[in-house]
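The values are calculated or read from the model by the stated rules, or taken from the named source; none is laboratory data. Since the model is a prediction, treat every value here as computed from it, not as a measurement. Note: ideal-geometry Cβ built from the backbone for every residue, glycine included; neighbour counts use all protein chains shown. All accessible areas refer to the heavy atoms of the entire protein, side chains included, with ligands and DNA or RNA removed. Shrake-Rupley method; radii C 1.70, N 1.55, O 1.52, S 1.80 Å.
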Amino acid sequence: MKDTLKHQGLRQKLVEVIKNKGITDPKVIEAIGRIPRHLFMDSGFLDHAYQDKAFPIAADQTISQPYTVAFQTELLQVKPGHKILEIGTGSGYQTAVLCVMGAKVYSIERQHELYKKTSQFLPKIGYRPKKLVFGDGYIGMESEAPFDSIIVTAGAPFVPKPLLSQLKIGGRLVIPVGDDVQVMTLFVRKGPKDFEQHEYGEFRFVPLLEDKN
Ligand code: SAH
């Protein structure tokens with residue numbers, strides 16, 4: 001598992017691309033610049049690792065586009081020590097970004113194959129989330145709540161109530177909401193029953209699947 005000068009060079013170009021698209025948080029930019037994204041993809045796709053595009057991983061899922069990862073992460077306003085819940089571990093790339101930023105990361109994945117693969121892979125390359133769980137993101141992780149922030153990395157047809165209720169006061173939920181196309185939505189918890197809502201334009205994700213699917 002190598003990270004060569006060529007990979008590093010391509011990665012710096014990717015960093016310039018996401019900056020040009022409007023990402024400004026220096027810690028997000030640093031994380032994207034440091035993480036060897038090519039190691040999160042099957043070897044056949046190595047050439048594509050540093051293009052700003054989503055790509056297929058196992059179990060018909062995708063590793064999100066770097067710009068989208070950066071955009072969602074920026075909205076979380078991550079501080080070192082923050083307790084963060086991720087829904088949709090997938091390849092673990094987003095998980096790694098949060099780990100590098102000093103967060104305590106909890107993540108849920110519903111595809112067993114991906115859960116297994118990523119649980120083994122992340123520590124192997126030096127990323128140590130607090131907890132990876134095989135389960136259903138619609139119910140969140142009550143046993144570890146409340147969280148400073150929650151990030152959903154699949155398109156949600158609606159906003160699952162448990163995710164709102166597992167936020168600290170002042171906490172942030174970043175979730176793409178919609179069926180075919182999703183609107184990036186931020187909820188900030190102002191009080192026990194008081195949420196501020198902001199919308200940030202359209203994105204496309206694989207669907208957040210309910211258990212029956
Ligand atoms: N964060 C990932 C993105 C993966 S795509 C990355 O950086 O690679 C979205 C992921 O959400 C997929 O792995 C998919 O299996 C998972 N997912 C879909 N529905 C889910 C659910 N109900 N609970 C948990 N994970 C789910």
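Some notes on this structure:
- Residue, farthest from the ligand (Cβ to nearest atom), within region 102-120, restricted to residues that are open to solvent by less than 10 Å² (accessible area, probe 1.4 Å) and in contact with an Asp or Glu (Cβ under 9 Å, 6 or more places away or on another chain): VAL105
- Within region 125-140, considering residues that are touching a residue at least 60 places away in the same chain (Cβ under 8 Å) and part of a helix (DSSP H, G or I), the one nearest to ALA96 (Cα to Cα): GLY137
- Scanning region 186-208 for residues that are assigned to a loop (DSSP other than H, G, I, E, B) and out of contact with any Gly (no Cβ under 9 Å at 6 or more places or on another chain) yields PRO192, LYS193.
- None of THR24, THR95 is in contact with a helix residue (DSSP H, G or I) (Cβ under 9 Å, 6 or more places away or on another chain), of a type outside the set (D, E, K, R) and part of a loop (DSSP other than H, G, I, E, B) except THR24.
- Members of region 68-91 found to be in a helix (DSSP H, G or I), open to solvent by less than 40 Å² (accessible area, probe 1.4 Å) and of a type outside the set (Gly, Ala, Ser), listed by number: THR68, VAL69, PHE71, GLN72, THR73, LEU75, LEU76
- Cβ separations smaller than 9 Å between residues 6+ apart or across chains give the following pairs from region 186-213 residues that are within 16 Å of the ligand (Cβ to nearest atom) to residues that are open to solvent by 100 Å² or more (accessible area, probe 1.4 Å): ARG204/ASP180; VAL206/ASP60; PRO207/ASP179; PRO207/ASN213.
- Flag for PRO160 being of a type outside the set (Asp, Glu) and open to solvent by 50 Å² or more (accessible area, probe 1.4 Å): no
- Within region 106-139, if we keep just the residues that are in contact with a Lys or Arg (Cβ under 8 Å, 6 or more places away or on another chain) and of a type in the set (Phe, Trp, Tyr), the residue that is nearest to GLU86 (Cα to Cα) turns out to be TYR106.
- Summed over region 159-185, residues that are outside any strand (DSSP E or B) and within 12 Å of the ligand (Cβ to nearest atom) total 3.
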